[in-house]
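Asks: So that we are looking at the same thing, I have put the structure below in structure tokens.
What follows is calculated from the coordinates using simple rules that are stated; it is not laboratory data. This structure is a prediction, so every number in the text was calculated from the model and none was measured. Cβ: placed from backbone, ideal geometry, glycine included. Neighbour counts: every protein chain shown.
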Amino acid sequence: MIEEKRRTFVFDFDSTLTQVEAFEELAEVSLKGDPKRKDKIAQIGKITDQGVDGDITFTESLEKRLKILNAHKDHLDPLIRKLSRKISPSISRNKEFFKKYADDIYIVSCGFKEFIDPIMAKYNIPSERIFANTFKFNKGGKITGFDRDNDLSKPDGKIDQLKKMNLPGEIHMIGDGFSDYQTRAAGIADKFYAFTENVSRENILEKADHVAPSLDEYLYKENLPMSISYPKNRIKVLLLEGIHEDAVEHLKKEGYQVELISGSLSEDELCEAIKGQHILGIRSKTQITPKVVDAADRLLAIGAFCIGTNQIDLDACMNKGISVFNAPFSNTRSVVEMVIGEIIMLMRGTLQKSMAMHRGEWNKSAKGSVEIRGKKLGIVGYGNIGSQLSVLAEGLGMQVLYYDKEEKLALGNAQKVNSLKDLMRKSDVVTFHVDGHPDNEGIIGKKELAWMKDGAIFINLARGKVVDLFALKTALESGKIGGAAVDVFPKEPKSNDEPFESPLMGMENVILTPHVGGSTIEAQKNIAAYVPEALVNYVNTGDSFASVNLPNIRVPQVNGAHRLLHVHQNIPGIMARINNIFSRFNINVVGQYLKTNQNIGYLVTDIDKEYNSDVVDELKRIDHTIKLRVLY
């Protein structure tokens with residue numbers, strides 16, 4: 001057995017163990033009510049940065065900041081409460097590391113023991129292993145200065161302090177400031193990790209032995225126990241097709257590496273780009289084929305930032321243990337409002353009148369202009385969009401008919417019809433809201449359009465392959481169809497730079513839009529909130545509740561346990577084999593959650609003790625295993 005090498009861990013405090021600089025937080029507390037509070041806090045922040053970056057001596061930095069503060073001993077308790085709530089997230093989630101290695105952990109900070117000691121006591125670090133400055137108080141309790149004999153109040157204070165400590169083993173300095181780097185440059189620390197979870201200082205990044213965006217990264221790099229199996233900063237995300245910036249920020253805030261590409265990619269381009277990626281975000285143009293899935297060597301999940309998922313081979317993803325998430329409700333209202341607007345414009349002849357006006361023609365007439373009130377609206381596909389459209393249209397006075405192959409509950413006074421033919425014959429307006437199932441391709445051609453009332457309106461905001469556009473053009477030219485609105489097309493440009501072609505171009509009674517039915521600011525923001533949250537929950541916790549293709553499991557958060565995720569073919573006996581392995585290794589199961597569909601099973605297991613790599617290896621070797629993931 002290889003003996004673990006001896007290491008001593010030295011941490012900075014401000015902006016490392018905490019997300020903030022304590023002096024700035026003390027200013028927030030002590031200057032409350034001061035009319036110049038905002039300016040003084042900004043001034044303190046500037047002085048702090050100057051001292052941390054090495055632009056002025058730390059002694060000078062301390063003196064200048066204390067002059068601005070109006071601090072008192074009574075301010076320390078509220079300061080401690082504030083700092084306790086602002087522990088760096090990766091520090092907080094790795095509290096067990098601090099407890100396990102407490103004897104080898106030291107805090108060396110230019111902050112003050114008066115607030116560091118009580119905070120670090122909760123992490124099992126006693127006062128004697130905390131080296132920091134101390135305040136001086138007058139008889140009234142006001143902070144008047146600091147102990148100038150303390151090495152940490154002086155230039156090169158951390159170097160001098162560490163020299164005196166004569167720490168054993170390989171010394172690792174983890175901090176964010178110039179004074180932390182100096183300990184490595186002086187040869188006192190053997191390694192310097194630039195901690196950038198809260199602040200990144202360019203002047204030290206290139207000098208660090210390693211950049212640690214979180215404590216997880218440090219622990220992973222040093223092969224030390226951590227609360228999660230893989231640092232979040234190593235999780236790579238590829239977002240295509242101009243996904244909303246809120247989604248980008250959400251994923252970056254989680255600590256993931258995010259790469260953006262404005263357009264879609266061809267199959268070959270995507271096969272290359274997807275290598276090494278853990279999460280892929282797309283919209284409707286990107287095609288996820290079996291070839292792409294085979295090329296995805298590390299992919300955990302795909303986020304479809306839209307309603308439909310017909311552009312994704314869901315079975316291929318499922319069979320490789322890749323979970324797919326979409327936004328089934330987020331842009332429903334946007335599509336519905338667009339349909340309502342197009343119905344009104346087409347029935348009033350607004351588009352033709354507008355184009356005539358642009359040509360300088362004034363033709364004030366009510367001919368061919370009718371209200372939508374009292375007209376029959378036929379909805380094909382009574383899902384999320386169709387049903388909400390039903391409610392809004394009825395509120396505007398329309399009579400609603402709908403047709404759906406599945407049994408759906410009618411809302412309001414909507415009436416179900418038994419066939420597509422019956423719906424098209426009865427309706428003044430027919431609008432399509434079906435999904436991308438292959439059975440829905442080409443369902444509307446010359447024969448079906450002939451069923452419609454003379455002069456009826458045709459709307460398609462569903463799928464481009466629903467209707468034969470050449471047949472629709474003929475029906476429009478003959479007057480059989482009075483007008484149409486089309487937002488989706490059989491072949492769409494991959495980016496805004498490519499030209500668009502359609503047989504419907506140039507027709508004055510046709511509204512053409514570039515697949516923007518769900519593209520409103522509100523819808524994109526909703527999608528940008530919903531999909532990333534589903535992806536993060538799955539990656540971080542194994543929660544597959546909103547997955548389109550994996551069995552749905554809502555899993556609880558468990559502390560003090562290890563979580564293993566096992567995706568396997570739905571074959572009898574898999575559970576018995578898994579639990580037999582746990583039994584042989586004397587591992588107690590805290591919780592176990594299994595859900596299956598016809599093809600695969602998804603098992604989440606929480607165990608209450610540490611395990612070795614042999615457990616994982618044996619679980620992977622079980623026949624019919626698709627994917628095993630160690631979560632934390």
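Asks: Between the DSSP loop rule and a limit of at most 10 other Cβ atoms within 10 Å, which GluC sites (Glu not before Pro) in the stretch 347-440 are left?
Replies: Counting only loop positions with at most 10 other Cβ atoms within 10 Å, the GluC sites (Glu not before Pro) in the stretch 347-440 are E361, E406, E407.
Asks: Out of Y101, L240, T183, whose Cα points farthest toward the positive end of the dipole of the chain (charges: +1 Lys, Arg; -1 Asp, Glu; placed on Cβ)?
Replies: L240
Asks: Just to be sure I understand: of the beta bridges DSSP finds with both ends in the chain, what percent are antiparallel, rounded to 5?
Replies: Within the chain, antiparallel bridges account for around 30 percent of the total.
Asks: Sticking with this one: For the chain, what is the mean residue ellipticity at 222 nm derived from helices alone (per DSSP H run of n ≥ 4: -39500 (n - 2.57); sum divided by total residues; nearest 500 deg cm²/dmol)?
Replies: -10000 deg cm²/dmol
Asks: Averaged over every viewing direction, what's the projected area of the C-alpha convex hull for the stretch 551-630? Give it in nm², one decimal, please.
Replies: Approximately 4.9 nm², given one-decimal rounding.
Asks: Same structure again: How would you rank 501-510, 450-459, highest first, on the average number of other Cβ atoms within 10 Å across their residues?
Replies: Most protected by this proxy first, the peptides run 450-459, 501-510.
Asks: If you don't mind, there's one more thing I want to ask. Return a whole-number percent for the relative contact order of the stretch 208-358, with Cα pairs under 8 Å and 6 or more residues apart as the contact set.
Replies: 16 percent
Asks: Can you list which of the chymotrypsin sites (Phe, Trp or Tyr not before Pro) found in the stretch 478-557 are DSSP loop residues with at most 16 other C-beta atoms within 10 Å?
Replies: Within the stretch 478-557, the qualifying chymotrypsin sites (Phe, Trp or Tyr not before Pro) (loop, at most 16 other Cβ atoms within 10 Å) are F500, F545.
Asks: Apply the Karplus parameterisation 6.51 cos²θ - 1.76 cosθ + 1.60, with θ equal to phi minus 60°, to every residue of the stretch 434-448 and state each ³J(HN,Hα) to the nearest whole Hz, in sequence, with x for glycine and proline.
Replies: 9, 8, x, 4, x, 5, 8, 6, x, 6, 10, x, 4, 5, 5
Asks: Ok, one more. Using just the C-alpha positions of the stretch 447-557 as equal point scatterers, what log10 of I(q)/I(0) does the Debye formula give at each q in 0.20 1/Å?
Replies: Each listed q maps to, in turn, -1.02.
Asks: Determine which lysines satisfy two conditions relative to K99: a Cα distance under 18 Å, and not lying fewer than 8 residues away in the same chain.
Replies: K99 reaches K122, K609.
Asks: Please state the charge dipole magnitude for the stretch 12-133, taken about the Cα centre, from unit charges on C-beta atoms (+1 on K and R, -1 on D and E), reported in debye and rounded to the nearest 20.
Replies: 540 debye
Asks: Which whole number in µm²/s is D for the stretch 235-325 by Stokes-Einstein, with the Kirkwood Rh taken over Cα pairs at 4 °C and 1.567 mPa s?
Replies: 101 µm²/s
Asks: What net charge is computed for the residues neighbouring M507, neighbours being all others with C-beta under 12 Å from the C-beta of M507, Lys and Arg scored +1, Asp and Glu -1?
Replies: -1
Asks: May I pose another question? Please go through the stretch 205-292 and write out the GluC sites (Glu not before Pro) that DSSP classes as loop and that have at most 11 other C-beta atoms within 10 Å.
Replies: Listed in order of number, the matching sites are E206.
Asks: Now for a different question. With +1 on each Lys and Arg Cβ and -1 on each Asp and Glu Cβ, how big is the dipole of the chain about its Cα centre, in debye rounded to the nearest 20?
Replies: Dipole of the chain, to the nearest 20 debye: 1520 debye.
Asks: Each residue of the stretch 626-632 in order: what ³J(HN,Hα) in whole Hz does its phi give by Karplus 6.51 cos²θ - 1.76 cosθ + 1.60, θ = phi - 60°, with x for Gly and Pro?
Replies: 9, 7, 10, 10, 8, 8, 7
Asks: K164: which lysines have alpha carbons under 17 Å from its alpha carbon, excluding same-chain residues fewer than 8 sequence positions away?
Replies: The qualifying lysines are K154.
Asks: Continuing with the same structure: Distances longer than 42 Å among the Cα atoms of the chain: what percent of all pairs is that?
Replies: 45 percent
Asks: Shifting gears a bit: What do you get for Rg/Rh of the stretch 7-221 when both radii come from the Cα atoms and Rh is the Kirkwood radius?
Replies: 0.94
Asks: Here's something else I'd like to know. Mind pulling the angle between the C-alpha long axis of helix 521-541 and the longest principal axis of the chain? Nearest 10 degrees, somewhere in 0 to 90.
Replies: That works out to roughly 50 degrees.
Asks: Another question, if that's okay. For the stretch 569-583, take each phi angle, set θ = phi - 60°, evaluate the Karplus expression 6.51 cos²θ - 1.76 cosθ + 1.60, and give the result in whole Hz per residue in order, putting x for glycine and proline.
Replies: 5, 7, 10, x, x, 5, 4, 4, 5, 4, 5, 5, 5, 4, 5
Asks: Return the whole-Å distance between the Cα centroid of the stretch 271-323 and the Cα centroid of the stretch 133-198.
Replies: What the calculation gives is 49 Å, centre to centre.
Asks: Then there's this: For the stretch 535-562 and the stretch 325-397, write down the distance between their C-alpha centroids in whole Å.
Replies: 40 Å
Asks: Moving to a separate point now. Percent relative contact order of the stretch 43-193, based on C-alpha pairs within less than 8 angstrom and at least six residues apart?
Replies: Relative contact order for the stretch 43-193 comes out at 21 percent.
Asks: Using a simple charge model, +1 on the beta-carbon of Lys and Arg, -1 on the beta-carbon of Asp and Glu, nothing else, what dipole does the stretch 7-221 show about its Cα centre, in debye to the nearest 20?
Replies: Dipole of the stretch 7-221, to the nearest 20 debye: 780 debye.
Asks: What share of the DSSP beta bridges in the stretch 7-221 is antiparallel, in percent to the nearest 5?
Replies: Of all bridge pairs located within the stretch 7-221, approximately 20 percent are antiparallel.
Asks: Please state the relative contact order of the chain as a whole percent: Cα pairs under 8 Å, 6+ residues apart?
Replies: Result for the chain is 9 percent.
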